[in-house]
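Peer 1: So that we are looking at the same thing, I have put the structure below in structure tokens.
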Amino acid sequence: MSVATGKAATRPRPAARTGAGGPAGGRAPRRSGPVRGGRWTPWLYLAPALVVLAGLLVYPVYQLGLISFLEYTQAQVSGGQPTSFRGLGNYAELFSDREFWRVLLATVLFAAACVVSTLLVGCALAVLLTRVRAVPRLLLMLAALGAWATPAITGSTVWVFLFDPDFGPVNRVLGLGDHSWTYGRYSAFALVLFEVVWCSFPLVMVTTYAGIRAVPAEVLEAASLDGAGVWRTWRSVLAPMLRPILVVVTIQSIIWDFKVFTQIYVMTGGGGIAGQNLVLNVYAYQKAFASSQYSLGSAVGVVMLLILLGVTLLYLKLLRRNGEEI
């Protein structure tokens, strides 16, 4: 090998040319910061839904709150008297009414019983669906979806007929004669509770069943090999894994059962004898439309909204305090 060749072999190669501020080959470096306009892109996609929600939710809530601060009765609606501002006068009148507190307590207890019963029935049937064969599972699913799809007023009318003291088949089967289920306060609430659970448990059942099917089979097999029964498997394995789903269905059940209207109004004839089966939604309806005190009815609606927001936020806060992921 010649000296020239040796020098050429040992000479260092020049660095590769780069593009304008970029690596070899003219490639531009990737920017580590956010892309311009990317921060607003999700809001642009959500804009149509937000506009619809603003029209269907925000504006009615605003009107509800506004009317609750006004003197707004039939005289103001017809134009016979001008609308005047009462401030917190409607709320003071509402909170000084002993019937309001009685109805509020009855609503809270009734809603709590409905939520607990719905969750128990729905979760139990969801576990049952995983342990039966295909045909019984299909029949149970169809029956549950039929109850779910039935309108509340139709289901309430059917239940009233089933427990009718003169023509209802339930009294005949149980040998109760002409016993009236809607005459007593607690029996009427129990009858409405059965109907509410009947039309509400399918959502809990289907949602929980879908969550159970998503649990890996190895986890359930390991629990079975450890000797865990149905209840222990649910309490120690399934319930912790399904907690996000259970949180959603619990909050939905609280909202739905707290504002029950149709079942109470239809099955108890507008609130029962002397208003013994009133709940807040029916109480607000009577104040607003039966008594033409629209401002008081709006105040009841605002109180219900605040209670539901408070219960939901408290429930989520307790879960976070316990270290649960939701």
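Peer 1: Residues of the chain: accessible area per residue at 1.4 Å, in Å²?
Peer 2: On the way: 20530 Å² over 326 residues.
I get 63 Å² per residue for the chain.
Peer 1: For the chain, with only Lys/Arg (+1) and Asp/Glu (-1) charged at the beta-carbon, what is the dipole magnitude about the Cα centre, in debye rounded to 20?
Peer 2: Numbers: 26 positive and 14 negative charges, 532 e Å.
Dipole about the Cα centre, nearest 20: 2560 debye.
Peer 1: Next question, about the same structure. If I take every Cα pair under 8 Å that is 6 or more residues apart in the chain, average their sequence separation and divide by the length, what percent do I get for the relative contact order?
Peer 2: Details: 302 pairs, mean separation 74.6, N = 326.
Relative contact order of the chain: 23 percent.
Peer 1: What residues qualify as long-range amide H neighbours of LEU70, i.e. H under 5 Å apart, gap of 5 or more or another chain, H built at 1.01 Å from N?
Peer 2: Sorted by chain and number, the residues that satisfy this are ARG86.
Peer 1: If one computes the Cα centroid of region 86-116 and of region 212-251, what distance in Å separates the two points?
Peer 2: Each part reduced to its Cα centre gives a spacing of 38 Å.
Peer 1: While we're here: If one puts a single equal scatterer on every Cα of region 197-252 and applies the Debye formula without solvent, what log₁₀ I(q)/I(0) results at q = 0.29, 0.31 Å⁻¹?
Peer 2: The computed values of log10 I(q)/I(0) come out as -1.17, -1.25.
Peer 1: If the only charges are +1 at each Lys and Arg Cβ and -1 at each Asp and Glu Cβ, what is the size of the charge dipole of region 212-326 around the Cα centre, to the nearest 20 debye? Walk me through the intermediate numbers first.
Peer 2: Working: 9 positive and 6 negative charges, 67 e Å.
Rounded to the nearest 20 debye, it is 320 debye.
Peer 1: Round to a whole number: what % of the accessible area of the chain belongs to carbon and sulfur, probe 1.4 Å? It would help to have the intermediate numbers written out before the result.
Peer 2: Details: 13420 of 20530 Å².
On the chain, the fraction of accessible area on carbon and sulfur atoms equals 65 percent.
Peer 1: Net charge around PRO165, counting only other residues with Cβ within less than 15 Å of its Cβ (Lys, Arg = +1; Asp, Glu = -1)? Could the numbers behind the result be given before it?
Peer 2: Numbers: positive: ARG172; negative: ASP164, ASP166, ASP178.
That works out to -2.
Peer 1: So, one more: For region 155-279, calculate the relative contact order in percent as a whole number, restricting contacts to Cα pairs under 8 Å that are 6 or more residues apart. Before the final figure, lay out the partial values.
Peer 2: Values: 93 pairs, mean separation 37.3, N = 125.
It comes to 30 percent, rounded to a whole number.
Peer 1: Hey, any idea what Rg/Rh is for the chain, computing Rh the Kirkwood way over Cα pairs? Don't skip to the end; give the middle numbers.
Peer 2: Working: Rg = 31.2 Å, Rh = 25.2 Å.
So for the chain, dividing Rg by the Kirkwood Rh gives 1.24.
Peer 1: From the residues LEU53, PRO165, TYR183, which one has its Cα farthest along the dipole of the chain in the positive direction, the dipole being from +1 and -1 charges on Cβ of Lys/Arg and Asp/Glu about the Cα centre?
Peer 2: Farthest towards the positive pole: LEU53.
Peer 1: Where does the chain land at 222 nm, in deg cm²/dmol rounded to the nearest 500, when only DSSP H runs of n ≥ 4 count, each adding -39500 (n - 2.57), divided by all residues? Numbers along the way, then the final one.
Peer 2: Values: 16 runs with 206 residues, N = 326.
Dividing the helical sum by the residues of the chain leaves -20000 deg cm²/dmol.
Peer 1: How high is the relative contact order of region 228-308, in percent, with contacts defined as C-alpha pairs under 8 Å that are six or more residues apart? Could you put the intermediate results ahead of the total?
Peer 2: Working: 46 pairs, mean separation 15.4, N = 81.
This gives 19 percent for region 228-308.
The values are calculated or read from the model by the stated rules, or taken from the named source; none is laboratory data. Every value quoted in this text rests on a predicted model; they were computed, and no experiment measured them. Counting neighbours? That spans all protein chains shown, and the Cβs are built from the backbone with ideal geometry, glycine included. Heavy atoms of the whole protein, side chains included, go into the accessibility calculation; ligands, DNA and RNA do not. Shrake-Rupley method; radii C 1.70, N 1.55, O 1.52, S 1.80 Å.
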